[in-house]
Amino acid sequence: MSGSLRAGSSNHNILKHIGSLLPSDVNYHIYDALSSIPPFDPGLDNDTPPEPVITLRNAITAADAIIICTPEYAFGVPGQLKNALDWLVSSSTLVDKPVVLITASLGGENAHASLQLILGALSANITDTLLINFIRSKINADGNVTDEDVKTGLKQVAINLKRTYNT
């Protein structure tokens with residue numbers, strides 16, 4: 001799941017790169033419907049929440065593990081990502097679910113720390129984290145990762161994810 005709504009964002013490209021590192025027997029899907037999730041409304045968070053929320057919850061429930069890759073906006077979590085996570089609070093969707101958190105932004109420290117707190121509140125099992133500063137200098141115009149340290153970090157994330165997935 002990318003915290004950026006822009007299809008060609010650095011975060012989408014990071015997720016594509018990770019997908020290329022996983023074995024072909026891993027069913028890997030990038031959730032790209034974040035923009036369809038309505039603003040969180042506790043009055044609608046009942047047995048029949050809005051359809052996009054049901055779709056998100058079902059996708060997370062069906063997954064063996066989740067990767068969140070997000071930028072930092074205004075020193076915090078992008079609004080639409082935070083909104084989606086708010087819809088998960090009342091469900092058990094992320095309880096004990098293996099989650100990898102990658103923050104790829106200019107800085108990213110604030111969003112990264114905040115998301116760790118949010119995921120903790122949702123009882124997610126954060127299995128790995130990676131903070132990639134100055135991301136735009138580490139990806140070329142075609143969206144390919146060019147920085148060797150970032151490639152190494154993403155390769156380790158993929159190895160750790162596969163190890164978590166196989167346990």
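Every number here is computed from the coordinates shown, using simple stated rules; none is lab data. Bear in mind that the values here come from a model prediction, so they are computed numbers and not experimental data. FYI the Cβ positions are ideal-geometry reconstructions off the backbone, even for glycines, and counts take in every protein chain you see.
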For the stretch 10-165 the mean separation of alpha carbon contacts under 8 Å (6+ apart) over residue count, i.e. relative contact order in percent, is 25
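Can you tell me the FRET efficiency between residue 36 and residue 152 if r is taken as the Cβ-Cβ distance and R0 is 30 Å, rounded to the nearest 0.05?
0.30
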quick shape note, the stretch 10-165: Cα extents on principal axes in Å, largest first -> 47, 38, 26
Partner aspartates and glutamates whose C-alpha sits under 16 Å from that of residue 162, ignoring same-chain residues fewer than 8 away, are 25, 64, 128
Any lysines whose Cα falls less than 23 Å from that of residue 138, other than same-chain ones fewer than 8 residues away, would be 16, 151, 155
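Take 97, 155 and order them by how many other Cβ atoms sit within 10 Å, fewest up front.
Numbers: 97 21, 155 13.
Listed from fewest to most nearby Cβ atoms, that is 155, 97.
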Residue 3 neighbourhood, Cβ < 14 Å, K/R = +1, D/E = -1, net charge -1
For the pair residue 126 and residue 160, the simple spin-label estimate (label points 7 Å beyond Cα toward Cβ) gives in nm 1.1
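Using a Förster distance of 22 Å, how high is the FRET efficiency between residue 142 and residue 24, based on the Cβ-Cβ distance and rounded to 0.05? Could you put the intermediate results ahead of the total?
Working: r = 23 Å, r/R0 = 1.05.
The computed FRET efficiency comes out at 0.45.
Set the Förster distance to 30 Å, then compute FRET efficiency between residue 62 and residue 6 from the Cβ-Cβ distance, nearest 0.05. Each step should come with its number before you reach the end.
Details: r = 26 Å, r/R0 = 0.86.
Once the sixth-power term is evaluated, E becomes 0.70.
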Mean projected area, convex hull of alpha-carbon positions in the stretch 36-126, reported to one decimal in nm², is 5.6
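So, with +1 on the Cβ of K and R and -1 on the Cβ of D and E, and no other charges, what is the size of the charge dipole of the stretch 10-165 about its Cα centre, to the nearest 20 debye? Provide the component values of the computation, followed by the final result.
On the way: 10 positive and 16 negative charges, 75 e Å.
With Lys and Arg at +1 and Asp and Glu at -1, about 360 debye.
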